[in-house]
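Visitor: The structure that follows is given in the form of structure tokens.
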Amino acid sequence: DVVETQEHYKSRWRSIWIMYLTMFLSSVGFSIVIMSVWPYLQKIDPTADASFLGWIIASYSIGQMVASPLFGLWSNYRPRREPLIISTAISVAANCLYAYVHVPHSHNKYYMLTARALVGFGAGNVAVVRSYIAGATSLTERTSAMANTSACQAVGFILGPVFQTCFTLIGEEGVTWKFLCLQLNMYTTPVLFGALLGVINIILIFAIFREHRVDDMGRQYKSINSDGEGSDVLDQNTEGSIDHVAVVALNILFFVILFVFAVFETIATPLTMDMYSWTRKEAVFYNGIILSVIGIESVIVFMVVKTLSKKTGERAILHAGLLIVLVGFFILLPWGKKLPNIQWQEIKNNSIPRTAPSEMLAPFWSLPELQLPSNHTAEPVGCPVTQSWCLNTPMIYLAQYISSDVLIGLGYPVCNVMSYTLYSKVLGPKPQGVYMGWLTASGSGARILGPVFVSQIYTHLGPRWAFSLICGVVVVSLLLLEIVYKRLIAFSVRYGRMQE
């Protein structure tokens with residue numbers, strides 16, 4: 001056995017901290033614009049509708065889904081610094097492109113689509129980050145390290161909307177630098193800030209990051225993609241096949257977890273604009289505050305989970321997390337009688353009376369013509385009449401929305417860190433780059449289908465159908481967890497080299 005030196009230990013954890021930072025910046029790159037994509041899209045290209053918003057959000061995940069297995073494979077055979085630097089550079093360039101999507105005279109929405117897809121492609125380095133941390137930590141360190149990684153990701157999701165909220169003070173017009181054809185406003189400044197953070201990340205990877213690897217017991221050895229010192233002590237410990245049933249099950253569960261969270265993220269701005277008659281700026285500002293508070297809750301959950309998992313185990317906590325998410329979406333179903341306000345501009349001086357549902361059956365053209373209220377704004381607010389469900393679906397009260405946010409903000413981080421931890425333990429000491437790439441790709445697939453699903457179902461059928469279907473998906477995932485529960489054990493435990 002090779003005893004780890006103090007110098008090796010410090011270098012190993014400095015490199016892990018650089019991976020934490022990379023994960024943080026990856027999530028900032030996603031969340032720093034998530035609340036403003038819809039109003040910015042409406043501003044630069046009026047032809048874009050809510051359905052296209054789903055594709056904009058999904059494009060990030062399409063890029064990540066394609067890149068993750070590629071970067072994971074790359075990291076298995078070459079120094080990880082290479083895919084990390086290349087991927088971050090792609091994200092920096094894509095953020096700069098996003099800041100210029102207003103310049104073309106037409107097809108602006110497609111330029112935005114391309115920019116977000118490239119940012120997502122760069123975010124494929126998440127697979128490299130997770131595989132490195134899995135290989136650079138012992139089994140006893142793994143849950144804590146994965147929780148810290150997810151906490152850094154959550155902090156990125158917190159600070160992204162916070163940055164966006166702060167940048168709303170610049171306003172929609174902002175400052176224009178004509179010699180650069182650049183508008184610095186509440187939509188472009190956040191992505192340029194994200195590009196700056198990416199440059200800093202590249203510098204730190206060059207200066208500090210080093211390759212390290214240890215086995216499940218914490219013994220160091222030489223990695224195949226490392227030029228550093230170490231010993232090959234793992235020949236007998238890598239023997240044995242991976243439980244692919246458990247691997248596939250965890251990929252499916254992770255897909256569901258990311259799917260429901262993507263739905264939650266995507267629908268926040270359109271839902272609040274429809275239900276509470278918020279303007280574009282108000283929706284970005286208020287949702288930024290709400291999601292920031294929920295993000296702080298998530299970080300606290302990550303810290304608690306590290307201690308709690310030692311007493312109850314990761315599987316039980318994953319089960320509890322899924323139950324909490326189920327309750328969160330169940331609460332979000334519309335139950336009352338009050339209907340949302342209808343956009344005045346859409347109905348052209350016709351008012352939809354808030355009366356009994358039977359009266360709503362009257363044809364639209366027979367409704368009485370009324371004048372616009374004196375306090376109406378140039379920007380239409382409320383639920384657009386083009387969404388036919390607005391005329392008969394009860395509104396979701398703000399208390400319901402916030403309660404759902406709190407529960408999902410509690411359940412999602414629990415499920416996220418436990419699924420990653422169980423996955424890395426099931427895989428064992430073998431190189432995990434490709435497997436982590438597939439897990440990240442499954443999560444990215446969920447981020448693709450989630451926004452598209454909710455934008456289509458929500459637009460055409462309304463929140464009742466959308467959230468009911470989500471509840472059904474979570475119930476199925478709970479049944480799957482019960483079926484594979486006993487198989488979700490660490491590789492070394494499965495082959496009797498360590499006790500659970």
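The values are calculated or read from the model by the stated rules, or taken from the named source; none is laboratory data. Everything numeric in this text was worked out from a predicted model, so none of it was measured. No Cβ is skipped: glycine too gets one built from the backbone with ideal geometry, and neighbour counts run over all protein chains shown. These accessible areas exclude ligands, DNA and RNA; they are computed on the full protein's heavy atoms, side chains included. Shrake-Rupley method; radii C 1.70, N 1.55, O 1.52, S 1.80 Å.
Visitor: Any lysines with Cα under 25 Å of the LYS425 Cα? List them, leaving off those in the same chain fewer than 8 positions away.
Guide: Reachable lysines: LYS10, LYS222, LYS306, LYS310, LYS311, LYS486.
Visitor: Could you list the square roots of 5 times each eigenvalue of the Cα gyration tensor of region 1-222, that is, the equivalent ellipsoid semi-axes, sorted largest first and rounded to whole Å? Don't skip to the end; give the middle numbers.
Guide: Details: eigenvalues 270, 52, 43 Å².
In descending order the semi-axes read 37, 16, 15 Å.
Visitor: Next question. Which whole DSSP H helices in the chain pass both tests: a Cα extent of 18 Å or more along the axis and a mean Kyte-Doolittle value no lower than 0.5? Show your work: numbers first, answer last.
Guide: On the way: long enough: 6-31 (38 Å, -0.09); 50-77 (42 Å, 0.85); 81-98 (26 Å, 0.92); 108-122 (22 Å, 0.27); 139-167 (42 Å, 0.61); 189-207 (28 Å, 2.33); 244-276 (47 Å, 1.82); 280-312 (46 Å, 0.85); 314-331 (26 Å, 1.91); 398-427 (43 Å, 0.84); 433-461 (40 Å, 0.66); 463-484 (32 Å, 1.98).
Helices meeting the criterion: 50-77, 81-98, 139-167, 189-207, 244-276, 280-312, 314-331, 398-427, 433-461, 463-484.
Visitor: Further question: Which one of ILE457, LEU322, PHE167 has its Cα pushed farthest toward the positive end of the charge dipole of the chain, where Lys and Arg give +1 and Asp and Glu give -1 at the Cβ?
Guide: So the residue we want is LEU322.
Visitor: Any idea what the dipole of region 1-222 comes to, in debye rounded to 20, about its Cα centre with Lys/Arg Cβ at +1 and Asp/Glu Cβ at -1?
Guide: Using Cβ point charges on Lys, Arg, Asp and Glu, region 1-222 gives about 360 debye.
Visitor: Give the lysines reachable from LYS281 as a straight Cα distance under 20 Å; neighbours fewer than 8 places away on the same chain don't count.
Guide: LYS43, LYS109
Visitor: Return a whole-number percent for the relative contact order of the chain, with Cα pairs under 8 Å and 6 or more residues apart as the contact set. Please report the intermediate quantities before stating the final value.
Guide: Working: 897 pairs, mean separation 127.1, N = 500.
Value for the chain: 25 percent.
Visitor: Now, a different point. So if a site counts as exposed when it's one of the trypsin sites (Lys or Arg not before Pro), its DSSP state isn't H, G, I, E or B, and it has at most 13 other Cβ atoms within 10 Å, what's the longest stretch of the chain without one? Let's see the in-between values first.
Guide: Working: sites that count: LYS337, LYS338, LYS348, ARG354.
Result, exposed sites excluded: 1-336.
Visitor: Just how much of CYS152 is accessible, in Å², when a 1.4 Å probe is used and the result is rounded to the nearest 10?
Guide: About 30 Å², ignoring ligands and nucleic acids.
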